[in-house]
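Written out below as structure tokens is the structure these notes cover.
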Amino acid sequence: MASIKRRRQLLWTAGVALCALLAAGLALTWYSPSSEAPAEPVLIIGDGVSTPDDMAWVPPGIFQMGSDSKLAQANERPAHAVKLNGFWIDVAHVTNDEFTQFVEQTGYVTTAEKKPDWETIRVQLPPGIPAPPDDVLVPGAMVFVGTNGPVDLNDYSQWWRYVPGANWRHPQGPGSSIEGKGDHPVVQVSYEDAMAYAAWRGKRLPTEAEWEYAARGGLEQATYVWGDELMPDGKPMANYWDSKQGTFPVVSPKAGGAEGTLPARTFPPNGYGLYDMTGNAWQWVADWYGADYFGKQAAAKTPIADPQGPAQAYDPWEPGVPVDAPKRVIRGGSFLCNESYCLSYRPSARRGSDPYSPMSHVGFRLVKDAPAPAVKVVTRATDIP
């Protein structure tokens, strides 16, 4: 029984917001099945002339959101019918080069580059926690640092640190750089940063339902975005932690482990032409996170139309964090996800994260509300292998 409880705790704590750890780090420096099957996906990539550039069209339809798979965690259950309007979505993550252009043209300063605001930290902590000295509230962000050997997976503070000076330009801290990584997903961006970029581009973050519908690429209830086999023909299909190369979270040279993000479009796209919908970097979506939201949605007798998420966050599963602490949904998993810990490189996997806490494995992509394409297929040969 103890081992079952331990496993349950591991599954729920993996990859969730590390807001409590952020504060601690600062202080130490002091639904039912649908009978309507999705249509066969048609690849439509915008050309930047009559359709949005480098965005894929996801047609309207009904799909099964969530999962009843044996791999699914409680917050992914049960699968339930959702009906969506069509939309355009970025073919790939927003990259370092794209975010650089945004900053250069607007002068925007990201959350990680500003002095932390105690009020946004305090709401993630138990009542009564005193504010840390003002001089330890320095700009920085959460960084995955790994360990030198196997550790108790109940304590994620052993492989995450709040690192002063870490930000989108320096994802692992002051000694790191994005030089030569312009085509990698931008990380160390908060929900607020993603919203600012979206406004600049005239786009928006996808809803959680839109994200999952797009991620599935027309494959109804497949385990992964490419099908049910993890490595078809023995080939990896996403950037995640390969447990055969090392035990999570060990990153010593001998043990191998995570190497970080890879360039966007490294692996084949899904049925809609979308790259890296799982793996590489988690992706912010618009909804508040509700651990019990899918259960509530499944109570509906008809497909839910364009769900926007719960009215406020609810997560009773993260120890030391108030159940109603602000959290937005992140989707897709990252280079840190692995078989032994979070297994979140699946389209139904979901977590909640503090909207003000940038991290070294969280990025985003955007959607655009624009007319449906007038022609059946518009593609750019350079986009699809």
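The values are calculated or read from the model by the stated rules, or taken from the named source; none is laboratory data. This one's a predicted model, so the numbers in the text were calculated from it and none came from an experiment. Positions of Cβ are backbone-derived with ideal geometry, glycine not excepted, and every protein chain shown enters the neighbour counts.
Some points to look at:
- Checklist (1) in contact with a Pro (Cβ under 8 Å, 6 or more places away or on another chain); (2) at pLDDT 95 or above; (3) closer than 30 Å to SER157 by Cα; (4) surrounded by fewer than 23 Cβ atoms within 10 Å (Cβ to Cβ) applied to VAL94, failing item: (4)
- Test: GLY173 is assigned to a loop (DSSP other than H, G, I, E, B), within 26 Å of ASP117 (Cβ to Cβ) and touching a strand residue (DSSP E or B) at 6+ places or on another chain (Cβ under 9 Å): yes
- Once the range 329-366 is narrowed to residues that are outside any strand (DSSP E or B), touching a Phe, Trp or Tyr at 6+ places or on another chain (Cβ under 7 Å) and among the small types (Gly, Ala, Ser), the residue that is nearest to ILE121 (Cα to Cα) is SER360.
- Just so you know, in the range 354-372 the residues that are within 24 Å of PRO263 (Cα to Cα) and touching a Lys or Arg at 6+ places or on another chain (Cβ under 8 Å) include one that is surrounded by the fewest Cβ atoms within 10 Å (Cβ to Cβ), and it is LYS368.
- Top-ranked residue in the range 227-250 [being in a loop (DSSP other than H, G, I, E, B), of a type outside the set (A, V, I, L, M) and over 20 Å from the mean Cα position of the chain (by Cα); ranked as nearest to SER157 (Cα to Cα)]: THR247
- Scan the range 109-150 for residues that are within 30 Å of GLY260 (Cβ to Cβ), among the hydrophobic types (A, V, I, L, M, F, W, C) and in a loop (DSSP other than H, G, I, E, B) and the total you get is 5.
- For the range 43-66, a residue qualifies if it is polar (S, T, N, Q) and either under 12 Å from VAL91 (Cβ atoms) or touching a Phe, Trp or Tyr at 6+ places or on another chain (Cβ under 9 Å) (or both), and the qualifying residues are THR51, GLN64.
- Selection count, the range 176-199, where residues are within 21 Å of the chain's Cα centre (by Cα) and either within 24 Å of GLY246 (Cα to Cα) or outside any loop (DSSP other than H, G, I, E, B) (or both): 12
- Test: residue in the range 252-272 that is small (Gly, Ala, Ser), over 21 Å from PRO41 (Cβ atoms) and modelled with pLDDT of 95 or more: no
- Condition met for GLN283 (outside any loop (DSSP other than H, G, I, E, B), polar (S, T, N, Q) and either closer than 18 Å to PHE63 by Cβ or touching a Lys or Arg at 6+ places or on another chain (Cβ under 9 Å) (or both)): yes
- Which numbered condition ALA222 fails, given (1) part of a helix (DSSP H, G or I); (2) surrounded by fewer than 24 Cβ atoms within 10 Å (Cβ to Cβ): (1)
- Among residues of the range 333-354, those that are of a type outside the set (A, V, I, L, M, F, W, C) and in contact with a helix residue (DSSP H, G or I) (Cβ under 7 Å, 6 or more places away or on another chain), counted: 8
- Criterion (hydroxyl-bearing (Ser, Thr, Tyr), surrounded by 15 or more Cβ atoms within 10 Å (Cβ to Cβ) and out of contact with any strand residue (DSSP E or B) (no Cβ under 7 Å at 6 or more places or on another chain)) met by exactly one of THR111, THR147, THR106: THR111
- Qualifying position, being modelled with pLDDT of 95 or more and crowded, with 20+ Cβ neighbours inside 10 Å, among TRP241, TRP282: TRP282
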